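A.B. asks: Input: one structure, supplied below.
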Amino acid sequence: MKFRLFFLLLFFAVNLRAQEPLKIWFKKPASQWNDALPLGNGRLGAMVYGDPLAENIQLNEESLWSGSKFNNNNPQASANIKQIQQLLLEGRNNEAHALADQYLLATPANFGSYQTLGNLKLSFIDQGSIRNYERSLDLSTGIAKIEFQSNGIKFKRETFVSAPDNAIVIHLEADQAQSLTFKLQLNRAFDASTNAIDQRTLLMSGQVMDLPNSDTGPGGLHMKFKAMVRVMANGGKTEAAHNGIMVSKANEVTIIITAATDYNLKKLDFDRRINPQQTCEDIIQKAGEKDFKTLLNRHLEEYQPLFHKMSFSLGKQEDTNLPTNERLALFKKGKADLSLIPLYFQFGRYLMLASSRAPGVLPANLQGIWNDHYIAPWNADYHTNINIQMNYWPTDLTNTSIAFAPYVNFVDQQRIPGRNTAKEYYGAKGWTIHHATDVFGKGAIHSGIHWSTSPLSAAWLCLNLWDHYLFTADTAYLKNEAYPIMKEAAEFVQSFLIKDKNGYWVTAPSMSPENTFIMANGKKDQLTYAPTIDIELVMDLFKACSEAAKVLHTDTKFVQQLNEISKKLPPIQISKRTGTIQEWIEDYEEAEPGHRHISHLLGLYPGYTITPAKPALFEAARKTLERRLANGGGHTGWSRAWIINFYARLFDGDKVGENVNALLAKSTLDNLLDTHPPFQIDGNFGATAGIAEALLQSHNGYIELLPALPSTWQEGKIKGLVARGGFELDIVWKNGQLIHAEILSNKGNSTKIKYGKKTIELKTKPHQRYPLDILVAK
């Protein structure tokens, strides 16, 4: 194993020379949570502050939530839905909205929150002034490091979150013996206590205690959780009392931390058969039998092959000798720093692997897995009207497909309560969900009618499932996982649609997510029927189900039904007032022309209904973006990230570059996390997808190289981008022109490849590489 790891690391070291330094670093500790460095293994998260004398590591366990499982569907919904639909068809939107407030809003209206696990704090003796301080996160290793000198002694701390050992590992060392003296404490402000169970082990025991709340649900003793810390010191003395451990005059120290709850994804509930303390004890026992070098090697051997499936550089390296916060500050003042873009891109891939892979079972939420609140912004929940979908846009394209499994499994489990929501709200078959959910599977119209009336959110969730198949060409996945979920979502749409006065099949009630229109009478509303996003979602879902059924040789009659409905859907319209894609079924004026959601362009990205094959819609989509931006759009991080993808699909490279720069300048924290504000991780993931989309596209039935290359990205190379059909691409360009490309066929499929005006057809064999230099201009 040691020889295998040596050659593995040697390969990665050689590969790294071809790309940018992959380090986020600072000359000072984090002064607040937003400056800390994120670590994770999909299940456990840590935010490392890096203070030399008072280290603070904020901890998370992916499933630790307040609240409980209960049916929040409004029991009066089905009795009143037809009246609300009829009012909308008659143009009496405000009346329909008033009834919806009364009969459709979830009971109770809200739910609990994802919560912090607590904080691990290390307090050190003051040994004098601190010199040569550096705090860093190396994306290539997944290790956060703090190095400094004090009183002539060099100190180093390394922290990583190991997937194979299911634990957070901290290693402290100094270059002089007996130099490590500190106190360790494990704290949580609410619902838990910590006690020493032996001289080197702490156990936190907790249970979320929720007061009864008319807004969020019933009270009670809810989710149980445990956390355990084991200290392994070389030399010196280790002793424990209360909630702390004292280490005196040690030579080096390894700290192992893990945590667990009694949550069970298959039940979408806590499960009293699960013993979180036993889970922690088993993990700590196994990890504690290994020394630090073994723990480190196991971490690297698992993590590095995943991360190093891709490399990316943009020519000359600039300002890499400056701390990341200083580089970002200069960038915000207008100084070019192309090297920052590959670093940001790779950070997005790093965050994906850190927040969504085994041993984790839940998908990345609004904050990935990192959250220091007990009631988080938007509960750090799963928003299903774009945000969780955006989280997973880059997964396949940027070669992190391993991160997709938690998304699939979570969506699959949502079908169970989703069937109740479909039936109890709309008297419909199949399954659906509205604009947000929690780990307990809430599906009702949550928070407010004006926020949450998005009845086709399940359809949007399914588009990610279909895209994953297109990238992987994995028919077993399609048959056993994706298609049953997609089909059932389509069955909901079938039975939910109603006929309007023009004979079109339409959705009602619905909305263009979170946006407001002004009616002819001057009144405002959000509730409508057949908003453009719904038309696009139905078109794309039905097409996906039809193509999937064809691949699987099944459901001929079902496909015929979908095709018949598709012929009677309202067309996507172009506004006569503005020349833009019309957002609603009527050509309403927008109350907020610069709104953060641009949902009527879903057909452009991530959907497939607005393409160059429909030039009028394609040009109207461009005008839509121009109008949104002219009125202040893109002011949130995730919205700006979506705009990057839109412009990539419009083949406008300079607008891609302009909006990548705007995202970095206006919506990026010093540690490169996205800010809404506040911190929200979807912007990181959406922008990572957008950068990749500018360099490779494969949604139009062929693979296109450098379709939207910004003119400022004159030189670069990217290795390991993934195209639909099971292909991986390496692309090199100079002076804005392709100079080399190579394709790896994982499945042996045939494909077409386009660059500029040249297109070639390629038949392939599985696991074979093919040069594409025929596309290079001579």
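A.B. asks: If you line up the long axis of helix 532-552 against the longest principal axis of the chain, both from Cα atoms, how many degrees apart are they, to the nearest 10?
C.D. replies: 80 degrees
A.B. asks: Hey, with R₀ at 60 Å, roughly what FRET efficiency would Asp271 and Asn631 work out to, going by the Cβ-Cβ distance, to 0.05? Before the final figure, lay out the partial values.
C.D. replies: Working: r = 49 Å, r/R0 = 0.82.
My answer for the efficiency is 0.75.
A.B. asks: Ok, one more. If you build the convex hull over the alpha carbons only and average its shadow over all orientations, what do you get for the chain? Give it in nm² to one decimal.
C.D. replies: That works out to 32.7 nm², a quarter of the Cα hull's surface.
A.B. asks: Roughly how many nanometres apart are two label points built 7 Å out from the Cα toward the Cβ at Glu592 and Leu762?
C.D. replies: It works out to 4.5 nm between the two label points.
A.B. asks: If each DSSP helix of 4+ residues adds -39,500 (n - 2.57) and the sum is divided by the residues in the chain, what number results at 222 nm, nearest 500 deg cm²/dmol?
C.D. replies: Using -39500 (n - 2.57) per qualifying helix, the result is -10000 deg cm²/dmol.
A.B. asks: A follow-up question, please. For segment 85-143, count all C-alpha to C-alpha pairs, find those more than 12 Å apart, and express that count as a whole percent of the total. All intermediate terms of the calculation are to be shown ahead of the outcome.
C.D. replies: On the way: 1421 of 1711 pairs.
When all Cα pairs of segment 85-143 are counted, 83 percent exceed 12 Å.
A.B. asks: I want to verify the translational diffusion coefficient of segment 722-772 in µm²/s; compute it with Stokes-Einstein, Rh as the Kirkwood radius over Cα pairs, at 25 °C and 0.890 mPa s.
C.D. replies: Once the numbers are plugged in, D ends up at 216 µm²/s.
A.B. asks: Contact order normalised by length for segment 303-427, with contacts defined as Cα pairs under 8 Å and 6 or more residues apart; what percent is it?
C.D. replies: Working: 91 pairs, mean separation 31.6, N = 125.
Relative CO of segment 303-427 lands at 25 percent.
A.B. asks: Which order do the peptides 419-426, 634-641, 49-56, 170-177 come out in when sorted by mean C-beta neighbours inside 10 angstrom, highest first?
C.D. replies: Packing order, densest peptide first, comes out as 634-641, 419-426, 49-56, 170-177.
A.B. asks: Between Glu134 and Glu742, what FRET efficiency comes out of the Förster formula 1/(1 + (r/R0)^6) with R0 = 41 Å and r the beta carbon distance, rounded to 0.05?
C.D. replies: Here the calculated transfer efficiency is 0.65.
A.B. asks: Could you give the angle, 0 to 90 degrees to the nearest 10, between helix 556-567's Cα long axis and the longest principal axis of the Cα atoms of the chain?
C.D. replies: Computed tilt is about 70 degrees.
A.B. asks: Hey, what does the equivalent ellipsoid look like for segment 244-379, semi-axes from the Cα gyration tensor as sqrt of 5 times each eigenvalue, largest first, whole Å?
C.D. replies: Values for segment 244-379, descending: 35, 23, 17 Å.
A.B. asks: Further, regarding this structure: Starting from the Cα-Cα distance between Lys23 and Asp215, subtract it from 0.36 nm times their residue separation and give me the gain in nm to one decimal.
C.D. replies: Values: separation 192, 0.36 × 192 = 69.12 nm, distance 4.38 nm.
Net length gain for the segment: 64.7 nm.
A.B. asks: Sticking with this one: Suppose a student asked you for the relative contact order of the chain, using Cα pairs under 8 Å spaced at least 6 residues apart; what percent would you report?
C.D. replies: Relative CO of the chain lands at 12 percent.
A.B. asks: Given the pairs Lys145/Lys719; Lys499/Lys543; Lys154/Lys717; Lys614/Lys757; Lys27/Lys666; Lys237/Lys293, which are separated by over 29 angstrom at their Cα positions?
C.D. replies: Working: Lys145/Lys719 27 Å; Lys499/Lys543 21 Å; Lys154/Lys717 38 Å; Lys614/Lys757 19 Å; Lys27/Lys666 23 Å; Lys237/Lys293 22 Å.
Checking Cα-Cα distances, Lys154/Lys717 exceed 29 Å.
A.B. asks: Treating only the Cβ atoms of Lys and Arg (+1) and Asp and Glu (-1) as charged, compute the dipole magnitude of the chain about its Cα centre; round to the nearest 20 debye. Intermediate values should be presented prior to the final figure.
C.D. replies: Values: 82 positive and 78 negative charges, 287 e Å.
Dipole size: approximately 1380 debye.
A.B. asks: A further question follows. For the residue pair Ala520 and Arg577, what label-to-label distance in nm results when each label sits 7 Å from Cα along the Cα-to-beta-carbon direction?
C.D. replies: Taking the simple label geometry, Ala520 and Arg577 are separated by 1.3 nm.
A.B. asks: Taking the solvent-accessible surface of protein heavy atoms with a 1.4 Å probe, what is the per residue accessible area of the chain in Å²?
C.D. replies: On the way: 28280 Å² over 778 residues.
Dividing the accessible area of the chain by its residue count gives 36 Å².
A.B. asks: Toward the positive end of the charge dipole of the chain, about the Cα centre and with charges on Cβ (Lys, Arg +1; Asp, Glu -1), which of Asn166, Gly236, Leu762 goes farthest?
C.D. replies: Leu762
A.B. asks: Just the C-alpha atoms of segment 666-761: what Rg/Rh do they give, with Rh taken as the Kirkwood radius?
C.D. replies: Working: Rg = 15.5 Å, Rh = 14.7 Å.
Dividing the radius of gyration by the Kirkwood radius yields 1.05.
A.B. asks: Moving to a separate point now. With axes computed from alpha carbons, what is the tilt in degrees of helix 457-472 against the longest principal axis of the chain, rounded to the nearest 10 within 0 to 90?
C.D. replies: The two axes meet at around 70 degrees.
A.B. asks: Between Phe558 and Asn71, what's the calculated FRET efficiency when r is the beta-carbon distance and R0 is 22 Å? Round to 0.05.
C.D. replies: On the way: r = 29 Å, r/R0 = 1.33.
The pair Phe558/Asn71 has a calculated efficiency of 0.15.
A.B. asks: Same structure again: Can you tell me which of 305-318, 527-540 comes out highest on packing, and rank the rest after it, using the mean Cβ neighbours within 10 Å?
C.D. replies: Packing proxy ranking, top to bottom: 527-540, 305-318.
A.B. asks: To continue, here is another question. Under a 5 Å amide H to amide H cut-off, with H placed in plane at 1.01 Å, what residues pair with Tyr382 once short-range neighbours are removed?
C.D. replies: Excluding prolines and chain starts, which carry no amide H, the hits are Thr437.
A.B. asks: So what is the relative contact order of segment 414-531, in percent, for Cα pairs below 8 Å that sit 6 or more residues apart?
C.D. replies: Relative contact order comes out at 22 percent.
A.B. asks: Provide the gained length on full extension for the span Thr320 to Asp773, in nm with one decimal, where the gain is 0.36 nm per separating residue minus the Cα-Cα distance.
C.D. replies: Computed gain between Thr320 and Asp773 is 159.9 nm.
A.B. asks: Sticking with this structure for a sec: Based on the mean of other Cβ atoms within 10 Å per residue, sort peptides 676-685, 146-155 so the most packed one is first. Provide the component values of the computation, followed by the final result.
C.D. replies: Working: 676-685: 24.6, 146-155: 17.0.
Output ranking for 676-685, 146-155: 676-685, 146-155.
A.B. asks: Starting from the Cα of Arg92, step 7 Å along the direction of its Cβ; do the same at Glu301; then give the gap between the two resulting points in nm.
C.D. replies: Taking the simple label geometry, Arg92 and Glu301 are separated by 7.1 nm.
A.B. asks: Explain nothing, just compute: Karplus ³J(HN,Hα) = 6.51 cos²θ - 1.76 cosθ + 1.60, θ = phi - 60°, for every residue of segment 190-198 in order, whole Hz, x for Gly and Pro.
C.D. replies: Calculated HN-Hα couplings, in order: 10, 6, 7, 9, 10, 9, 6, 9, 7 Hz.
A.B. asks: Taking the alpha-carbon centroid of each part, what is the distance from segment 106-152 to segment 550-627 in angstrom?
C.D. replies: 45 Å
The values are calculated or read from the model by the stated rules, or taken from the named source; none is laboratory data. Since the structure is predicted, the reported quantities are computational estimates derived from the model, not experimental observations. Neighbour counts run over all protein chains shown; Cβ positions are idealised from the backbone, glycine included. Side chains included, ligands, DNA and RNA excluded: accessible areas come from the protein's heavy atoms. Shrake-Rupley method; radii C 1.70, N 1.55, O 1.52, S 1.80 Å.
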